[in-house]
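Below you'll find the structure, written out as structure tokens, and then a few comments.
The values are calculated or read from the model by the stated rules, or taken from the named source; none is laboratory data. Since the model is a prediction, treat every value here as computed from it, not as a measurement. Here the Cβ positions follow ideal geometry from the backbone for every residue, glycine too, while neighbour counts run over all protein chains shown.
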Amino acid sequence: MKFESETAVKAFLVFGCLLALCSPGGCNIVVNEFELSPPDDTTIWVELYNTADEAVNIDGWMIKIADEAWEGPIYLEGSIEPRGFLAVDGQESWMTTGNGTVYLYDASGAEVDKTPQHGDNEHNDFTYGRQPDGKDTDTRADFGYTMASKGRSNGSGA
């Protein structure tokens, strides 16, 4: 019996460690780039980036775009590969003022990431993206206004 209880305790500890790794601060998924003012009135989009060396399951996660008078949720499913990108579109009907904040919530509803509010009224191919990918100092300086790179690297930030 002692062996079984020790095995159970070890299994519980391993499970707890894995759960801790995928807590909001541990999964390392960030809002990497976003387009709030797309050219030709195309669709608003958000790109996520996994800074970790393991794939992260995002079933039940949600992105929320808050743009003064409205909020738009984007529900997520699947997973993001290690050092991988996932770009998701908002609804075609969403029209923004070009000002907004992007929030990322995990399946429990905990906030995983939040961008500073940014404004973009140009309706061009430029977006706000982390420079370099995944940079997360929780400051406005994490983001540069550069040519869109939806679903791929934003570059080195040079």
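Regarding GLY84, is this residue modelled with pLDDT of 95 or more, more than 17 Å from GLU35 (Cβ to Cβ) and not acidic (Asp, Glu)? Explain how you work it out, then say what you get.
Numbers: modelled with pLDDT of 95 or more: yes; more than 17 Å from GLU35 (Cβ to Cβ): yes; not acidic (Asp, Glu): yes.
When the stated conditions are applied, GLY84 passes them.
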**Report entry** Residue within region 41-55 that is farther than 25 Å from PHE126 by Cβ, among the small types (Gly, Ala, Ser), at pLDDT 90 or above and touching a helix residue (DSSP H, G or I) at 6+ places or on another chain (Cβ under 9 Å) present
**Finding:** yes
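Sort out which residues of region 35-84 are touching a Lys or Arg at 6+ places or on another chain (Cβ under 9 Å) and free of Cβ contacts under 8 Å to residues at least 12 places away in the same chain, and write them in order of number.
Keep residues of region 35-84 that are touching a Lys or Arg at 6+ places or on another chain (Cβ under 9 Å), which gives 35, 45, 47, 49-53, 71-74.
Within region 35-84, GLU71, PRO73 qualify.
Against the condition in contact (Cβ under 8 Å) with a residue 40 or more places away in the chain, in contact with a Gly (Cβ under 8 Å, 6 or more places away or on another chain), of a type outside the set (S, T, N, Q) and over 19 Å from ASN28 (Cβ atoms), how does GLY144 come out, does it pass?
Values: in contact (Cβ under 8 Å) with a residue 40 or more places away in the chain: no; in contact with a Gly (Cβ under 8 Å, 6 or more places away or on another chain): yes; of a type outside the set (S, T, N, Q): yes; over 19 Å from ASN28 (Cβ atoms): yes.
No; evaluated as a whole, the condition is false for this residue.
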Query raised in the report: Would you pick out the residues in region 39-55 that are closer than 24 Å to ARG140 by Cβ, in contact with a Ser or Thr (Cβ under 9 Å, 6 or more places away or on another chain) and assigned to a loop (DSSP other than H, G, I, E, B)?
Result: ILE44
Report task. Go through (1) in contact with a Leu (Cβ under 6 Å, 6 or more places away or on another chain); (2) modelled with pLDDT under 55 one by one and return the number of the condition PHE12 breaks. Result -> (1)
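Please pick out the residue among GLY151, GLY144, GLY109 that is on the phi > 0 side of the Ramachandran plot and surrounded by 13 or more Cβ atoms within 10 Å (Cβ to Cβ). Talk me through it step by step, then tell me what you get.
Values: GLY144 fails: on the phi > 0 side of the Ramachandran plot; GLY109 fails: surrounded by 13 or more Cβ atoms within 10 Å (Cβ to Cβ).
The unique qualifying residue is GLY151.
For region 130-137, check the following and say yes or no: at least one residue is modelled with pLDDT of 90 or more, under 13 Å from TRP45 (Cβ atoms) and within 12 Å of the chain's Cα centre (by Cα). Working first, answer last.
Narrowing region 130-137 to residues modelled with pLDDT of 90 or more: 130-137.
Adding the requirement that they be under 13 Å from TRP45 (Cβ atoms) leaves none.
Scanning region 130-137, I find no residue that is modelled with pLDDT of 90 or more, under 13 Å from TRP45 (Cβ atoms) and within 12 Å of the chain's Cα centre (by Cα), so the answer is no.
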Requested in this report: Might you check whether a residue that is closer than 16 Å to SER37 by Cβ and small (Gly, Ala, Ser) occurs anywhere in region 96-110?
Outcome: yes
**Report entry** Among the candidates TYR128, TYR75, residue that is of a type in the set (Phe, Trp, Tyr) and either surrounded by fewer than 16 Cβ atoms within 10 Å (Cβ to Cβ) or within 13 Å of ILE29 (Cα to Cα) (or both)
**Finding:** TYR75
